[in-house]
Structure formats: C-alpha cells, structure tokens
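Novice: To start, I am sharing the structure in question, which I have written as structure tokens.
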2 protein chains.
Amino acid sequence: MPQNRQPSEPRYGNRPTMKDVAARAGVGLKTVSRVVNGEPGVTPDTERRVQDAIEALGFRRNDSARVLRKGRTATVGLVLEDLADPFYGPLNRAVEEVARTHGALLINGSSAEDPDRERELALALCARRVDGLIVIPAGDDHRYLEPEIRAGVATVFVDRPAGGIEADVVLSDSFGGARDGVAHLIAAGHRRIGFIGDHPRIHTATERLRGYREAMALAGLPVAGSWVSLGATAPERVAAAARAMLAGPEPITAVFAGNNRVTVTVVRVLAALPRPVALVGFDDFELADLLRPGVTVIAQDPAALGRVATDRLFQRLSGTALPPTRIVLPTRLIPRGSGELPPHTG
Amino acid sequence: MPQNRQPSEPRYGNRPTMKDVAARAGVGLKTVSRVVNGEPGVTPDTERRVQDAIEALGFRRNDSARVLRKGRTATVGLVLEDLADPFYGPLNRAVEEVARTHGALLINGSSAEDPDRERELALALCARRVDGLIVIPAGDDHRYLEPEIRAGVATVFVDRPAGGIEADVVLSDSFGGARDGVAHLIAAGHRRIGFIGDHPRIHTATERLRGYREAMALAGLPVAGSWVSLGATAPERVAAAARAMLAGPEPITAVFAGNNRVTVTVVRVLAALPRPVALVGFDDFELADLLRPGVTVIAQDPAALGRVATDRLFQRLSGTALPPTRIVLPTRLIPRGSGELPPHTG
DNA sequence: CTGAAAGCGCTTACAG
DNA sequence: CTGAAAGCGCTTACAG
C-alpha cells in the first residue's frame, strides 16, 4: 500500500515523475522511459501521447535516480588549490571541455592548500561516486585514496605528484624549466642569482630549486645560502626575502622567481629600486609584456595540463589497463626584457 | 529472488554497500545506517562491530543513493561565462565557500557566451536536481527555466539580469560606475571621450554606455557617433575601434573602457602612441597599479557578487517566501594615474 | 536498542 | 510494439 501523506520535506518540490507521465499518457512506465531516452520501438502515436504528457506536466528526468541504477554518474571531480587563482582557470576550463565531449559534468572545489581539506573534498567527491577524480595535491600523502582507486575511481594527479601511492600524474617540467631560466640569466652575464620559491613541502618548489642549483653548478658558480629562500608566497614574506638578497656587501644582480605569485611581488620590489635587477619568473601571466621592462618567464601551459590529464582519465574510464604513468610537459622560455638585463656593476 | 549474475557494467567498481557491511557485522541494515550517520541508539559494542566491518570492506556511503531518498542533493549549480576568465575566479570561489558552509558541493560550467549552451548546461544541472542554480546569463531569454523554478529549483542570477522571468538578481552598479568614471575624466579636463564596450546584447554593456551618456549630458558635452563603439571584446575589434577614435581631425583625448578585457587591449594601443591619452576602465585587474601610468579603474567586487547571490540562494532554500529582488552592489573608483592625465592639446 | 518492509525515481531483464 | 516486476543503495516510518 503506497503512502499517501505529505512527505516531511518537499521532494524536489514535488516534481512529476515518469510514473506521473505514464499515468497521464495511459501507457506503461517503460514506454515513457523509451521515449525520454530516445530508444526505438515506440509507435509515432504512442510517442506523441507521451511527449504531450511530458510537456503538460513539465517533466524532466531525474538523472540522480538514473545514475543510481546505471552505476555511472557521468561526473568528474576536480580538486584544485583555489578556484580564484588565475593560473588554474585555464586548467579548470580545459578539464570541463574534455569532460563535456564525454558528456560529463564537473564538480570542483578548492583545497586552499590545506591537506585535510583536500582529503575531505576528494572523499566527498568519491561519496558522490564521481567516475573520475583529478587532483592537484595540497598534501603529500594520498594513501587515503587507495581504497577508492581500488574500488574503481579513476584518478589522475596534476601539477604535483601523488604521495605514497602509484597513480597517473601530469606535470610541467619544473626542473628543466628552472634550469633553462637560470641558464638564461647566466648567459646574460649574471653570477650572483637569487632563488625565491614556494614552500619546500610543495613538489614544484623543490624541483625548481633543483633546476636552479643544476644551472649554477653547470656554470661552475657557487650558491651562497643567503641567495635561496623557500616559503609561503605571501607578499610580505617574498618581499622581505628579495630585499635581503638585494642588500649586503655582495648583493645578487638577478632573481629567479619560483612561481607567478612570487614573480609579481618581486616585480613590485624591483620597481622601487634605483638600479636595474634582472628577473626571470616561472609561469607566464597576463600583462607580463606590458610592464617595463617586460617580464621574461618560463611559461607552462595550464590548459594542456588539464587537457592531457582529463584525456588520461577518460582513457582509464574506458577500461584501458595501463600502468600508472608520469607525463611531463615541456616549458617555454619567453624573453621580454627583464631576463636580458645585464648585471648592474655598482 | 535476487539476481546473482555479474552486472553488464561494473557498478561503481563493485563497491561494498550497507547490505554487505550489515552481513559482515551480523546486524540489520538500519543499524549500519545509524552508525554511518552518527544517529543515536546503538550500543558501543554494536557500533564497534559495524565500524570494524566498514573498515575491513572499505565501505563509503553512496551519497548518490542517499540523495535520491532524501530529496535534496546538497549541490549548487553555477553557470558562468568562462571558467578560465580571471574576473569570475573570485566569484566562483565565493560561491564555493558559501555553499561549503551549508555542506553543499558545487557543479559549474561555462556557457562560452552561447545562449544555447547556457540553456543546455542549466537544464542538465536541473536534471541532476541541484538544490539551487546560480546563473550568469549569456542569453536574454530565460523562460526555459520557468518550469524548473516552479518545481522548486532556487535560482539567482548574477552580473546580468534574467530575461523574460521574475527572479532574484545581484548586480554591480554598472550605470553609476560608468557615470562616475566618465565624470572623473571630465573633471580632469576632457571633453572628447570615447566609449568602447562589449556587445550591446550584454546588459552590462548597455548600462555602462548609459552611464557614459549621462555623465556627458550632465556636463553639457556632446557625444559624436564616432566616439562610441560596442561589439565583441576580441582584441582586433577593440584595437581597431580605439585607433579609429584616436585618428581624424578631432580625436578623443580620453577613453572609457567598458570592461577588463577591453581595458587591457586599449592599454596596448595607447602604449604605442606618442602622445598620452587618458583611460578609465570598468573592472579592476591584477597589476593595474604596476603599469606606467597605473590604470585608473571602476572596481567591482566579484567575490561579493558571488557571496551575496549564494546567501540569497540559501535563504530561498530555507523556505523564505520573498518576492524576487534586485540587489545592486556599489562600485569604487580607484585613481592610479591613467585617469588623471590632462587632455593632450596637440 | 534493533531491524524488516516500503519507497525514492529511474533502468534492466524479461515476457508477452 | 509494450509493460510488469525487480533492483540500484540508501532512508523513512514503523513495530518490536
């Protein structure tokens, strides 16, 4: 016996269901399902009646129910650092576009660089049964995802590798990019070059530092401890680090900035100096060419990161049984002026 | 009689269900549900056994099923123009943060300024039964959402009003902002001021043009037809429009740029000119202060737009029966140099 | 404190 | 061509 009371909470605002459509059209439930899904085997006349009932009632299929039965949600989850960070915008959009070609929607959220929040968000997405998960790691231990991956959630890490588990990952060539950027400064004549980067817990930060050291070593140049500073990318911290390197008896004549946020702060510091200081920054950013001098950068392709990662995700979802792979995308040096300044010999 | 065959497609990769947990723990289904949801009325010993079974099996509740039964998905849908556009980043993040305080996740997607795609996406979100929908309109006819709204989907429009339906909307004061920005240029001595804006189909574009005309009229200044150009924000179109206004016998001495993308292109055009031309742009953007001269802007608060809209959405979801409201947020003039340049009398 | 039955709105696997 | 029954994995509304 069906319940005829009002439910305690409105159920989707009392929307009509296929059952309602079937009743109104005078057909069976399955026939409505056939029409709604464009399946064959319905006479034009029957289809007409069903369509009329659908319009009259304002019926829209509840995909939430469909999904439960079908076992796939046609949804991809994306955990990134900050939805407001312009660096991730093109990546986000690229993931959306690839997902769209596969008929999937995108649920995304920010970890705010907090490993606990990353975990919470990733697991919430798993509870929603996203078909696949793309994660830009905030933390360095992803063993919490092991049961989910084993249970079939396709997972791809982007921008930074996963910690403690084997999984697909798509990276930019942080090491090579930084090495080339620093070599570019060395080629312009610099010998005392500073490196300001993100927190050492971040994989890209240490890789870029490694690239810096490699370039210096290849050129036979020493690296003073005071020329290297890793830490938060908060403007105050970065500005203080830059000023410290620029002071003293043997000041640096050039800076390599470890990412876009560091670069912007360094540009501000340098703009206030009387003497020119060379700068190469990791990551391209809008208007870099309009500053005076234009800012020379090592450009990543964030959209390509997203595209390649999502392609990989859907390869996994189609059942390809490949071993976890690390894909490294190349970077590109864009000279614009700041990286070609010669050392100022004061 | 239950089916014991393999399902044709893997069902969420054969994840354990509450039934599996119940069987392993030797308890009823409802008891597992109580433990998973932290409901009272379970002895510590029973709870222990259930927890052990959950861990052993790697069980994670299927929220997709839960949602079907509960009638609310704890999901908010956001349709914006382009996930990659830096202007919408802070708005996106603000929506996420407010949703998060209400325990809701965010599904978002780009309309790419295509009304059909906006509609398709919004309706797909409704089919997923998002509890609420936040839309940055691409089109100007939203009657397609009428049945959805009637069926209980809370809907709030942001940045631009809905077309053809009554609904909540949260806007920036485009008219007042543009009027003030143009008045600022007039106060600096300009009499021939150009206006370059987005496509006239976009509500904010026509409102800002209206503000421009108002300021000119208030100052008793005529507006030549050749000083106004609305259209695509593609750099080629905008640059051509700017160059045309700057040429001729009576060239403009100042430009009001209708949005951030227009502003950036105009900055490039002006940078190539021998004489200084004043500029005020609608929308703030990163590094505007680092350019020479710094770019004077009418700043909106995109994060506030997102926050206010999402607050409104959850007010609706809590059942408040208010009439549809239009909320207009103020803008702020930020003088940085470009808007204070006097007219160049060549 | 505990659990069996019914149901959320669909699709699947049949049978006619 | 059409539809009744069972089931997806949960929660609800009971009854013990």
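Novice: Cα gyration tensor of the protein assembly as shown, axes a ≥ b ≥ c as square roots of the eigenvalues: rounded (a/c below 1.5), prolate (a/b > b/c) or oblate?
Specialist: Oblate, because a/c is 1.5 or more while a/b does not exceed b/c.
Novice: Quick one: which residues, 5 or more positions from B:V228 or on another chain, have an amide H under 5 Å from its amide H? H modelled 1.01 Å from N in the peptide plane, none for Pro or chain starts.
Specialist: B:F195
Novice: Inter-copy label distances at A:A112, 7 Å along the Cα→beta-carbon direction, one decimal in nm, shortest first?
Specialist: Between copies, matching label points for A:A112 lie 3.4 nm apart.
Novice: Can you give the accessible area of B:T320 in Å² (nearest 10), computed on protein heavy atoms with a 1.4 Å probe?
Specialist: It works out to around 60 Å².
Novice: Now a separate question. Could you calculate the contour length gain from A:I165 to A:D52, that is, 0.36 nm times the residue separation minus the distance between their Cα atoms, to one decimal place in nm?
Specialist: That works out to 35.3 nm of additional length.
Novice: If you don't mind, there's one more thing I want to ask. Sort B:H102, A:H203 by accessible area with a 1.4 Å probe, largest first.
Specialist: The ordering from most to least exposed comes out as B:H102, A:H203.
Novice: Quick check for you: with a 1.4 Å probe and neighbouring chains kept, what is the accessible area per residue of chain A, in Å²?
Specialist: About 44 Å² of surface per residue is accessible.
Novice: Sticking with this structure for a sec: Amide H neighbours of A:A151 under 5 Å, counting only residues 5+ apart in sequence or on other chains, H built in-plane at 1.01 Å?
Specialist: Close amide H contacts, sequence-distant or interchain: none at all.
Novice: Can you figure out the FRET efficiency of B:T345 with B:R201, using R₀ = 35 Å and their beta-carbon distance, to the nearest 0.05?
Specialist: My answer for the efficiency is 0.40.
Novice: Would you mind checking which residues have amide H under 5 Å from B:V158's amide H? H placed 1.01 Å from N; only 5 or more apart, or other chain.
Specialist: Answer set, sorted by chain and number: B:V135, B:I136, B:V170.
Novice: Using only Cα atoms and rounding to the nearest 10 degrees, what angle (0 to 90) does helix B:174-187 make with the longest principal axis of chain B?
Specialist: 30
Novice: Also: Let me confirm one metric for peptide B:282-293, namely the mean number of other chain beta-carbon atoms within 10 Å of its residues' beta-carbons.
Specialist: 3
Novice: Using only protein heavy atoms and a 1.4 Å probe, report how much of B:M245 is accessible, in Å² to the nearest 10.
Specialist: Roughly 10 Å² of B:M245 is accessible to a 1.4 Å probe.
Novice: Follow-up question, since we're still on this one. Ordering A:L209, B:L145 by how much accessible area each has at a 1.4 Å probe, largest first, what is the list?
Specialist: A:L209, B:L145
Novice: Could I ask something else about it? Label 7 Å along Cα→Cβ of B:A244; segment B:255-293 residues with amide nitrogen under 14 Å?
Specialist: Label zone hits: none.
Novice: Also, quick follow-up: What accessible area, in Å² to the nearest ten, does a 1.4 Å probe give for A:R49?
Specialist: For A:R49, the solvent-accessible surface is approximately 100 Å².
Novice: With label points built 7 Å along Cα→Cβ from the Cα atoms of B:D20 and A:D45, find their separation and express it in nm.
Specialist: 4.9
Novice: Then there's this: Cα axis of helix A:235-246 to longest principal axis of chain A: angle in degrees, 0 to 90, nearest 10?
Specialist: Tilt relative to chain A: about 20 degrees.
Novice: In segment B:54-90, whose amide N lies under 18 Å from the spot 7 Å out along Cα-to-Cβ of A:R143? List them in ranges.
Specialist: Counting only backbone N, you get B:55-59.
Novice: In addition: In sequence order, what are the phi-derived ³J(HN,Hα) couplings for segment A:258-274 according to the Karplus relation 6.51 cos²θ - 1.76 cosθ + 1.60 with θ = phi - 60°, rounded to whole Hz, with x for glycine and proline?
Specialist: Working through the residues one at a time gives x, 7, 4, 6, 4, 4, 4, 5, 5, 4, 5, 5, 5, 4, 8, 8, x Hz.
Novice: Using only the alpha-carbon atoms, how far is helix A:302-317 inclined from the longest principal axis of chain A? Give it as 0 to 90 degrees, nearest 10.
Specialist: In chain A, helix A:302-317 runs at an angle near 40 degrees to the longest axis.
Novice: Need the C-alpha centroid separation for segment A:259-274 versus segment B:38-116, integer Å.
Specialist: Segment A:259-274 and segment B:38-116 have Cα centres separated by 39 Å.
Novice: For segment A:174-300, with equal point scatterers placed on the C-alpha atoms only and solvent neglected, what are the log10 I(q)/I(0) values from the Debye formula at q = 0.14 1/Å, to two decimals?
Specialist: -0.51
Novice: How large is ³J(HN,Hα) for each residue in segment B:116-126, as worked out from phi by the Karplus curve 6.51 cos²θ - 1.76 cosθ + 1.60 (θ = phi - 60°), to whole Hz, x for Gly and Pro?
Specialist: Values, residue by residue: 5, 6, 4, 5, 4, 5, 4, 6, 5, 5, 5 Hz.
Novice: A further question follows. I want the antiparallel fraction of DSSP beta bridges within the protein assembly as shown, as a percent rounded to 5.
Specialist: 10
Novice: Can you list, shortest first and in nm, the gaps between the label point of B:P342 and those of its counterparts in the other copies, using a point 7 Å from Cα in the C-beta direction?
Specialist: 4.0
Novice: Moving to a separate point now. Provide the FRET efficiency to the nearest 0.05 for the A:Q315-A:R61 pair, computing r from the beta carbons and using R0 = 25 Å.
Specialist: Computed FRET efficiency for A:Q315 and A:R61 comes out at 0.30.
Novice: Continuing with the same structure: Which entries in A:K19/A:K70; A:K19/B:K19; B:K19/B:K70; A:K70/B:K70 show an alpha-carbon gap greater than 23 Å?
Specialist: A:K19/B:K19
Novice: Can you sort A:S111, B:S229 by 1.4 Å-probe accessible area, starting with the largest?
Specialist: B:S229, A:S111
Novice: Using θ = phi - 60° and the Karplus relation 6.51 cos²θ - 1.76 cosθ + 1.60, list the HN-Hα couplings for segment A:16-29 in order, rounded to whole Hz, with x at every Gly or Pro.
Specialist: Values per residue, Gly and Pro as x: x, 10, 4, 4, 5, 4, 4, 4, 5, 7, x, 10, x, 4 Hz.
Novice: Turning to a different aspect of this structure: Would you calculate the separation in nanometres between label points at B:A217 and A:A112, each defined as 7 Å from the Cα along the Cα-to-beta-carbon direction?
Specialist: Modelled inter-label distance: 4.7 nm.
Novice: If you split all Cα-Cα distances of segment B:46-166 into 10 Å bins from zero, what percentages do you get per bin, shortest first?
Specialist: Over segment B:46-166, the share of Cα pairs per 10 Å bin runs 12, 39, 27, 12, 8, 3 percent.
Novice: If you take every DSSP beta bridge fully contained in chain A, what fraction is antiparallel? Give it as a percent rounded to 5.
Specialist: The antiparallel fraction comes to roughly 10 percent.
The values are calculated or read from the model by the stated rules, or taken from the named source; none is laboratory data. Remember, it's a predicted structure, so these values are computed and weren't measured experimentally. Here the Cβ is made from the backbone with ideal geometry for all residues, glycine too, and neighbour counts use every protein chain on show. The protein model used for the area step is the full one, side chains on, heavy atoms only, and it has no ligands, DNA or RNA in it. Shrake-Rupley method; radii C 1.70, N 1.55, O 1.52, S 1.80 Å.
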